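Engineer: Before anything else, here's the structure in question.
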Amino acid sequence: MREKLLKPYNPQKTEERIYKLWEDSGFFNPDVCVEKGITKANAEHFSMVLPPPNVTGNLHTGHALMLVIEDIMIRQARMQGKKTLWLPGTDHAAIATQSKVEKLLEKEGIHKNDLGREKFLKRVEKFAKESHDTIVNQAKKMGATLDWSREAFTLDETRNLSVKTAFKKMYDDGLIYRGHKIVNWDPKGQTVISDDEIVYEERKNKFYTFKYGPFEIGTTRPETKFGDKYVVMHPKDKRYTDYASGQKIKLEWINGPIEATVIKDEIIDMEFGTGVMTITPWHTPIDFDIAERHKLDKEQIIDKYGKLLPVAGEFAGMKIADAREKIVEKLKTKGLLISVDENYVNRIATAERTGGIIEPQIMLQWFVDVNKKISAGKNKLQPKSLKELMLEPVREGKIKIIPNYFEKVYFNWIENLRDWCISRQIWYGHRIPVWYKNNEIYCDLTAPEGPGWVQDEDTLDTWFSSGLWTFSTLGWPASVKTTAGQPEKTGDLKTYHPTTVLETGHDLIFFWVARMILMSQYLLGEVPFKTVYFHGMVRTTDGRKMSKSLGKKAIDPLSIIKKYGNDALRMAMVVGNTPGNDLKLNENDIRGYAKFANKIWNVARFVLENIEDFKVLKIADYDNEDKKSEEELNALMEDITKEMSEYRFSIVSEKIYQYFWHTFADVIIERSKKKILEKKNVISAKTLIYRHLHILLRALHPFMPFVTEEIWSMLPKEKNNLLMVEKWPFDCAQGKHHAN
RNA sequence: GCGCGGUUAGCUCAGUGGUAGAGCGACUUUUUGACGUAAAGUAGGCCGGGGGUUCAAUCCCCUCACCGCGCACCA
């Protein structure tokens, strides 16, 4: 009996030592497991990439939840003898990281332009490195058995090669094009962003109605109205049958008389306002579409700093917010203001990362064409669009999404998907591998020979590199050899791709999950993963999403671990938490599971005290009630193994908890006391409690790895393996229980 | 506007076509030997409202209400 068992379980004194044992064993690396005979060389694989945390700071409870669920899957797979890889990495998170560093510099009174591209990037890299180290340390404290030897970064050299390779192939296939389109310009971040990076905020905005010649037009944005020389109405609107398409009308406007042209278009909602509107094609997506359809002029009104251009006459150079009221005032003086609705509410598009108000602009940018049909990969005979490549595997069940209702959300998104804008006017990120010289354009992995070539200044959307993550981390493109015209995978890519499961938050379904499916389908002709498991968002007890802005209200995972232990936090995050549903993390629950860890500890003490003289550890001749208990335990193991294969961690953790405490401890141990005291069926009793502990520790290990590993080290047994590589107590394939 | 999820014990949440479950909390008892971070026990629920299918509905279908979320539009 070890001394330390005599005191209550102390996670603080245990966890760091245990993690070091695991790490030193090398078993996080599947190759080591094979070398040491833990895993068979030809074993089935189980692989998962870690959703790479952004290098913008610390890990929060959301990360903790992710690490816990993934570590549970990985530990079980490893115990089941699978060749198990959990691949770690971090995300450079382009805009997020750059704007974070910009803010830090701001405090020093420095603007990034003062430093210049190179010096600024050095600062960002320094910051990213520090964040990376913090993140890795925290992940280790959380007990994650990630294979650190394979760690990757979305912006390292290998990943840069994969990004350039992917870009070039898409460019050559005509899937990436450069064009003038209306895009989401963020005046604050001074970059374009994709549709998915927009966050809408409801705000009260004055809704003005102006007299526009014979019409009345409504707007929330008078400052864009300078260029409005087209007035649009529905062709079937009976109120305006007197006006013909193309008809010119002279009218008085902000800066004097103008000539407006009547346009008829069915997109107009006759019910809205007066059924007449003027359009600003340069700054409104829907107006842009109308202008394209009718081949109308487009004129820029607002520059990229959010200031009015000379077209605004006396208002030129003014900022939007300042100009708006003044323009209204002028129109009012001219008798053109009809009414103002003070209580109008509409949605404002803001940039996710900077909070800047999006000003749509027509700009020259790079796009991924999602509708063009190409005969790439395995679809040589039947050309397919990227949209189809994204839809098919989910529709056909090659990718299963848990919970399955997210499949509908996924389909809905793809069906409404527009071309993906991938260029960003920021410095931190993968530089676009395109060079220009006069009118020539050159796209390749390296710069073209000869003088005069200038590389595109822009970088790529961070999700472009994230989309490659399941295979760029496994060595692609180097790990694809082309023999006899057939691409053939080698190395890690061959062994571990498609990955078994992707576990992530449902907020990443479009940003990341869809893009990974796109990239893998297109570049490898296969799915990136077979199952997607979405966890919910972690919330505070009052229901708010946990984030740093909450300050003290947010629970810091590391301080919880310090207080209650890792195992307790893990259980609190798993029990009662079903996929897709948000989790309200409650300190009471965590405290409860800390008690459970202690309960396990005390049970172990009792069992070990009573089997010290006990040499024969094989299945004995049980008496009837013990035999029944053994069978009940076996049935439970079979049951939870099946539940685990269906990713029902909530149920499994609860069942083991219940059985351990209220059957093993409360019934079986109490019964054994009596038998041992009365010296009746002692062998049966001792065998039963030993085997229960032996089996339950293994079943509990993925959920509560630290306390179970610590107790395991004290158990009398033939081999001295770490529990993390012991056998899971039920073999699904063979229907066998692993006795010892 | 289109769509998705939720509504179960005081709180946080599981769950199932056939007498309703857990944790925490509350209350009562127990200083017995693994554990007081414990044990034994008790109380507490028309499973959101209404309708339907069924021998049987908390569960399946329809509908309403409220809460949360996503997408689109917003001149």
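The values are calculated or read from the model by the stated rules, or taken from the named source; none is laboratory data. All figures in this text were calculated on a predicted structure; none of them were measured in a lab. For neighbour counting, all protein chains shown are included, and Cβ atoms are generated from backbone atoms with ideal geometry for every residue, glycine included. Quick note on the areas: whole protein, heavy atoms, side chains included, nothing else; ligands and nucleic acids left out. Shrake-Rupley method; radii C 1.70, N 1.55, O 1.52, S 1.80 Å.
Engineer: Here are some residues: A:Asn42, A:Asn58. Which one is farther than 22 Å from A:Pro729 by Cα and open to solvent by 20 Å² or more (accessible area, probe 1.4 Å)?
Structural biologist: The match here is A:Asn58.
Engineer: Just a yes or no: is a residue in the stretch A:561-576 open to solvent by 20 Å² or more (accessible area, probe 1.4 Å) and at pLDDT below 90?
Structural biologist: yes
Engineer: Would you check if A:Gly429 is at positive phi, modelled with pLDDT of 95 or more and either open to solvent by 30 Å² or more (accessible area, probe 1.4 Å) or part of a loop (DSSP other than H, G, I, E, B) (or both)? Before the answer, list the steps.
Structural biologist: Working: at positive phi: yes; modelled with pLDDT of 95 or more: yes; either open to solvent by 30 Å² or more (accessible area, probe 1.4 Å) or part of a loop (DSSP other than H, G, I, E, B) (or both): yes.
The answer is yes for A:Gly429.
Engineer: Here's something else I'd like to know. May I ask you to list the residues in the stretch A:319-358 that are more than 13 Å from RNA strand B (Cβ to nearest atom), touching a Gly at 6+ places or on another chain (Cβ under 8 Å) and either open to solvent by less than 80 Å² (accessible area, probe 1.4 Å) or within 20 Å of A:Ile217 (Cβ to Cβ) (or both)?
Structural biologist: Result: A:Ile320, A:Ala351, A:Thr354, A:Gly356.
Engineer: Could you go through the stretch A:374-385 and let me know if any residue there is of a type in the set (A, V, I, L, M, F, W, C) and closer than 30 Å to A:Arg221 by Cβ. I'd like the intermediate steps shown before the answer.
Structural biologist: Of the stretch A:374-385, the ones of a type in the set (A, V, I, L, M, F, W, C) are A:374, A:376, A:381.
Checking which are closer than 30 Å to A:Arg221 by Cβ leaves us with none.
No - not one qualifying residue is present in the stretch A:374-385.
Engineer: Go through A:Arg123, A:Arg150 for me and flag whichever is of a type outside the set (Ser, Thr, Tyr) and farther than 24 Å from A:Gly475 by Cα. Outline the logic, then answer.
Structural biologist: Details: A:Arg150 fails: farther than 24 Å from A:Gly475 by Cα.
Answer to the selection: A:Arg123.
Engineer: Would you please name the residue that is least open to solvent (accessible area, probe 1.4 Å), looking only at residues in the stretch A:591-603 that are more than 6 Å from RNA strand B (Cβ to nearest atom) and over 11 Å from A:Val707 (Cα atoms)? Steps first, answer last, please.
Structural biologist: Residues of the stretch A:591-603 more than 6 Å from RNA strand B (Cβ to nearest atom): A:591, A:593, A:596-597, A:600-601.
Next, from what is left, pick out any that are over 11 Å from A:Val707 (Cα atoms): A:591, A:593.
Working: A:Arg591: 102, A:Tyr593: 36 Å².
The extreme case among them is A:Tyr593.
Engineer: How many residues does the stretch A:696-726 contain that are at pLDDT below 95 and within 21 Å of A:Lys82 (Cα to Cα)?
Structural biologist: Count: 3.
Engineer: Only one of (1) free of Cβ contacts under 8 Å to residues at least 60 places away in the same chain; (2) aliphatic (A, V, I, L, M); (3) open to solvent by less than 50 Å² (accessible area, probe 1.4 Å) is not met by A:Leu688, so which one is it?
Structural biologist: It fails just one condition, (1).
Engineer: Quick check on the stretch A:213-221. Is at least one of its residues among the β-branched types (Val, Ile, Thr), in a strand (DSSP E or B) and either open to solvent by 40 Å² or more (accessible area, probe 1.4 Å) or within 16 Å of RNA strand B (Cβ to nearest atom) (or both)? Lay out the reasoning, then the answer.
Structural biologist: Let us first name the residues in the stretch A:213-221 that are among the β-branched types (Val, Ile, Thr), namely A:217, A:219-220.
With the extra rule that they be in a strand (DSSP E or B), the set shrinks to A:217, A:219.
From the residues that got through so far, the ones that are either open to solvent by 40 Å² or more (accessible area, probe 1.4 Å) or within 16 Å of RNA strand B (Cβ to nearest atom) (or both) too are A:217, A:219.
So far as the stretch A:213-221 goes, yes, one or more of its residues are among the β-branched types (Val, Ile, Thr), in a strand (DSSP E or B) and either open to solvent by 40 Å² or more (accessible area, probe 1.4 Å) or within 16 Å of RNA strand B (Cβ to nearest atom) (or both).
Engineer: Which residue out of A:Glu130, A:Glu151 is farther than 26 Å from A:Gly26 by Cβ, of a type in the set (Asp, Glu) and away from RNA strand B (no atom under 16 Å from the Cβ)?
Structural biologist: Being farther than 26 Å from A:Gly26 by Cβ, of a type in the set (Asp, Glu) and away from RNA strand B (no atom under 16 Å from the Cβ) holds for just one of A:Glu130, A:Glu151, which is A:Glu130.
Engineer: Which one is farthest from A:Leu115 (Cα to Cα), of the residues in the stretch A:432-444 that are open to solvent by 10 Å² or more (accessible area, probe 1.4 Å) and part of a loop (DSSP other than H, G, I, E, B)?
Structural biologist: Ranking the candidates gives A:Asn439 first.
Engineer: Follow-up question, since we're still on this one. Among the listed residues A:Asp114, A:Asp71, which satisfies the condition of being charged (D, E, K, R), open to solvent by less than 60 Å² (accessible area, probe 1.4 Å) and either outside any strand (DSSP E or B) or touching a residue at least 12 places away in the same chain (Cβ under 8 Å) (or both)? Full working, then the answer.
Structural biologist: Values: A:Asp114 fails: open to solvent by less than 60 Å² (accessible area, probe 1.4 Å).
Exactly one of A:Asp114, A:Asp71 is charged (D, E, K, R), open to solvent by less than 60 Å² (accessible area, probe 1.4 Å) and either outside any strand (DSSP E or B) or touching a residue at least 12 places away in the same chain (Cβ under 8 Å) (or both), namely A:Asp71.
Engineer: Right, another one. Which residue pairs have Cβ atoms closer than 7 Å, lie 6 or more positions apart in sequence or on different chains, and pair a first residue in the stretch A:582-599 that is among the β-branched types (Val, Ile, Thr) with a second residue that is within 7 Å of RNA strand B (Cβ to nearest atom) and not in a strand (DSSP E or B)?
Structural biologist: Nothing qualifies.
Engineer: I'd like the residue in the stretch A:653-685 that is of a type in the set (A, V, I, L, M) and near RNA strand B (Cβ under 10 Å from one of its atoms) and, out of all such residues, is most open to solvent (accessible area, probe 1.4 Å).
Structural biologist: A:Leu677
Engineer: Surrounded by 17 or more Cβ atoms within 10 Å (Cβ to Cβ), at pLDDT 95 or above and in contact with a Pro (Cβ under 9 Å, 6 or more places away or on another chain): is that true of A:Thr499 in this structure? Please lay out each step first, then the result.
Structural biologist: Working: surrounded by 17 or more Cβ atoms within 10 Å (Cβ to Cβ): yes; at pLDDT 95 or above: yes; in contact with a Pro (Cβ under 9 Å, 6 or more places away or on another chain): yes.
So A:Thr499 fits the description; yes.
Engineer: Quick test for you: out of A:Asn581, A:Asn588, pick the one residue that is of a type outside the set (D, E, K, R), touching a Gly at 6+ places or on another chain (Cβ under 6 Å) and near RNA strand B (Cβ under 9 Å from one of its atoms).
Structural biologist: Working: A:Asn588 fails: touching a Gly at 6+ places or on another chain (Cβ under 6 Å).
Going through A:Asn581, A:Asn588 in turn, the sole match is A:Asn581.
Engineer: Also, I was wondering about something else. Please go through (1) closer than 30 Å to A:Leu569 by Cα; (2) buried (at least 19 other Cβ atoms within 10 Å of the Cβ); (3) over 22 Å from the mean Cα position of the chain (by Cα) for A:Ala128 and return the number of the only condition it doesn't satisfy.
Structural biologist: (3)
Engineer: Additional query: Kindly check whether there is at least one residue in the stretch A:275-290 that is crowded, with 19+ Cβ neighbours inside 10 Å and farther than 15 Å from A:Val232 by Cβ.
Structural biologist: yes
Engineer: How many of the residues making up the stretch A:222-234 are in a loop (DSSP other than H, G, I, E, B), in contact with a Gly (Cβ under 9 Å, 6 or more places away or on another chain) and away from RNA strand B (no atom under 11 Å from the Cβ)? Lay out the reasoning, then the answer.
Structural biologist: Of the stretch A:222-234, the ones in a loop (DSSP other than H, G, I, E, B) are A:228-229, A:234.
If we keep only those that are in contact with a Gly (Cβ under 9 Å, 6 or more places away or on another chain) as well, we get A:234.
The next check asks that each one be away from RNA strand B (no atom under 11 Å from the Cβ); those that pass are none.
Qualifying residue count for the region: 0.
Engineer: For A:Ser25, state whether it is hydroxyl-bearing (Ser, Thr, Tyr) and closer than 30 Å to A:Met644 by Cβ. Break it down into steps so the answer makes sense when it comes.
Structural biologist: Values: hydroxyl-bearing (Ser, Thr, Tyr): yes; closer than 30 Å to A:Met644 by Cβ: yes.
Yes.
Engineer: Please go through the stretch A:101-132 and pick out each residue that is charged (D, E, K, R), closer than 23 Å to A:Ile193 by Cβ and out of contact with any helix residue (DSSP H, G or I) (no Cβ under 7 Å at 6 or more places or on another chain).
Structural biologist: Step one: list which residues in the stretch A:101-132 are charged (D, E, K, R), which gives A:102-103, A:106-108, A:112, A:114, A:117-119, A:122-123, A:125-126, A:129-130.
Going one step further and asking which of them are closer than 23 Å to A:Ile193 by Cβ, we end up with A:102-103, A:106, A:112, A:117, A:123, A:125.
Listed by number, the residues that qualify are A:Lys103, A:Glu106, A:Arg117, A:Glu125.
Engineer: I would also like to ask the following. Is there any pair linking a residue in the stretch A:205-229 that is without any contact (Cβ under 8 Å) to a residue 40 or more places away in the chain and under 20 Å from A:Lys264 (Cα atoms) to one that is open to solvent by 30 Å² or more (accessible area, probe 1.4 Å) and of a type in the set (Val, Ile, Thr), with Cβ under 9 Å and at least six apart or on different chains, and which?
Structural biologist: none
Engineer: If you don't mind, another one. Residues A:Lys250, A:Lys264: which one is surrounded by fewer than 21 Cβ atoms within 10 Å (Cβ to Cβ) and within 13 Å of RNA strand B (Cβ to nearest atom)? Working first, answer last.
Structural biologist: Numbers: A:Lys250 fails: within 13 Å of RNA strand B (Cβ to nearest atom).
The match here is A:Lys264.
Engineer: Moving on to the next point. A:Lys673 - would you say it is over 25 Å from A:Ala733 (Cα atoms), part of a helix (DSSP H, G or I) and out of contact with any Leu (no Cβ under 9 Å at 6 or more places or on another chain)? Walk me through how you get there before you give the answer.
Structural biologist: On the way: over 25 Å from A:Ala733 (Cα atoms): yes; part of a helix (DSSP H, G or I): yes; out of contact with any Leu (no Cβ under 9 Å at 6 or more places or on another chain): yes.
The answer is yes for A:Lys673.
Engineer: Something else now. Would you pick out the residues in the stretch A:468-496 that are under 17 Å from A:Lys530 (Cα atoms) and surrounded by fewer than 20 Cβ atoms within 10 Å (Cβ to Cβ)?
Structural biologist: Passing the criteria: A:Lys494, A:Thr495.
Engineer: If you don't mind, there's one more thing I want to ask. Just one of the numbered conditions (1) open to solvent by 30 Å² or more (accessible area, probe 1.4 Å); (2) within 10 Å of RNA strand B (Cβ to nearest atom) is not true of A:Lys304; which one?
Structural biologist: Here A:Lys304 meets the rest and fails (2).
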